[in-house]
Amino acid sequence: MRLISWLQQRIWLISLTLIGLFFRLWHLSQPKGLIFDELYYVRNAYSLLHHGVDLNSKGAPDFVVHPPIGKWLIAGGIKLFGYHEFGWRFSAAIIGTASIALMYLTVEKLFANKFLSITATILMLSDGLHLVHSRVSVLDIFLMFFIQLAFYFVITHQHWWAGLAFGLAIGTKWSGLYPLIAFAVLAVLLDIRANSLMKMLPRRILQYGLLPLITYIASWGGWFFTSVGFDRNLGVVTGFVDYHKRILSFHASLHDAHNYSANPFTWLIQSRPTAFYYESPPGCGTSKCAQEILALGTPLLWWIGTIALAITVGFFISKREWRAGFILLGLGSCYLPWFAFQKRTMFNFYAISFEPFLVMAIGYVLYKYLSSAENDRQLQIRKRIIIGGLVVIIVNFFYFLPIFTGTTIPYETWLNRMWLDSWI
């Protein structure tokens, strides 16, 4: 019976992952051309692939403000399939699919409940923000995945692998540093609680200090082993330090006004999503058509997730329940630091970094809901209620699917999906 149960779980895992892969590869080459920040990252990836370092179109050293890991992954897709839309978006699609499978495994570890593992995975499958990031060649899906992977390794007590994953996250975007610090502090606090700090501290320094640092520095290997990178003429150490000072200065001074800028206070309710692409092409059967890729989280999922997050906070405050604490630490370390930079230009699509934890928060509330059932009959009724809610969210996802995938639709059909004026 145990083997049959295990096989059933693997069938669910594989089936849901394949469904995720289908939605991410379906018409992946549309729209044509470089869209949104693909303009920067794809060209950076192409340069890394051919030169090992970032050069501009004239072959001169190019100053870029994000580390190389995500761009190396994009370069992998270009190497496999060529320098075209499918090639440069392929890696994002694969990593996005992998994060769906990882959600199943993570919730399985957190709650030891097949029903909740399936539910959380379907929720992730039904999120528009996740789908958009999995179909556009920008860095944030890679950042999200490495943070999610590190979280999985933390809860499974594989701290060396967690340190490596955190290093890859920081090697994609510097904002991966915040969850690294948060979980490093947690590991030390747990060691103190177990009266094993003196024994474990050297290991924690290696796992959450030296290993991520080595991983990060290694990600710049192309810069080190060539002589044409930006600031490389200053020497290895001086150039590397100066380059990073310039990157820090750029991020600290990024205060430009932007039509799609969104304060972190608005991210949970998705009130100002970012349009990655918009055109009015012909071919939809009416006089005016619309084609958009809107980085919008499936509204009902995110609004329910916001409520679930508040409930999770309440449970943690009142019960100090470890599952709630781990989920909140993951979400908070990816989300709360942005509130310290109120003058900086920020965008709603950054919220993808904590999207897995929002789904886990929903899973946590459902876990408490199911656990409080007094008998099997009540448990089955509650499961049917949850399934009904899942169906509503899936319908909501499919309703918005055309604006997640850049499908050409009549303008009125597009306008009907603009539930809030701020989405336009």
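Read-outs: derived from the displayed coordinates by stated rules, not from any lab. Nothing here was measured: the structure is a model prediction, and the numbers come from that model. Note: ideal-geometry Cβ built from the backbone for every residue, glycine included; neighbour counts use all protein chains shown.
Once the stretch 251-283 is narrowed to residues that are among the hydrophobic types (A, V, I, L, M, F, W, C) and in a loop (DSSP other than H, G, I, E, B), the residue that is farthest from LYS173 (Cα to Cα) is ILE269. Mind listing just one residue for me: the one in the stretch 264-286 that is of a type in the set (Ser, Thr, Tyr) and in contact with a strand residue (DSSP E or B) (Cβ under 9 Å, 6 or more places away or on another chain) and, of those, surrounded by the most Cβ atoms within 10 Å (Cβ to Cβ)? Ranking the candidates gives THR274 first.
Residues in the stretch 182-207 that are small (Gly, Ala, Ser) and under 15 Å from HIS157 (Cβ atoms): ALA184, ALA187, ALA194, SER196.
I'd like to know if the stretch 299-318 contains one or more residues that are under 22 Å from the mean Cα position of the chain (by Cα), assigned to a strand (DSSP E or B) and within 30 Å of TYR364 (Cβ to Cβ).
No, the stretch 299-318 has no match at all.
Of all residues in the stretch 342-353, those that are over 19 Å from SER253 (Cα atoms) have Cβ atoms under 7 Å from Cβ atoms of residues that are charged (D, E, K, R) and surrounded by 24 or more Cβ atoms within 10 Å (Cβ to Cβ), 6 or more apart or on another chain, in PHE349/ASP140; ILE352/ASP140; SER353/ASP140.
Against the definition (under 21 Å from PHE276 (Cβ atoms), exposed (fewer than 14 other Cβ atoms within 10 Å of the Cβ), touching a helix residue (DSSP H, G or I) at 6+ places or on another chain (Cβ under 8 Å) and among the hydrophobic types (A, V, I, L, M, F, W, C)), how does TRP419 come out, yes or no? Considered against the rule, which asks whether it is under 21 Å from PHE276 (Cβ atoms), exposed (fewer than 14 other Cβ atoms within 10 Å of the Cβ), touching a helix residue (DSSP H, G or I) at 6+ places or on another chain (Cβ under 8 Å) and among the hydrophobic types (A, V, I, L, M, F, W, C), TRP419 comes out as yes. Taking the criterion of being among the hydroxyl-bearing types (Ser, Thr, Tyr) and either within 17 Å of VAL136 (Cα to Cα) or free of Cβ contacts under 8 Å to residues at least 40 places away in the same chain (or both), the residues of the stretch 91-115 that qualify are SER91, THR97, SER99.
In the stretch 115-122 there is no residue matching the filter, namely being of a type in the set (S, T, N, Q) and surrounded by fewer than 20 Cβ atoms within 10 Å (Cβ to Cβ).
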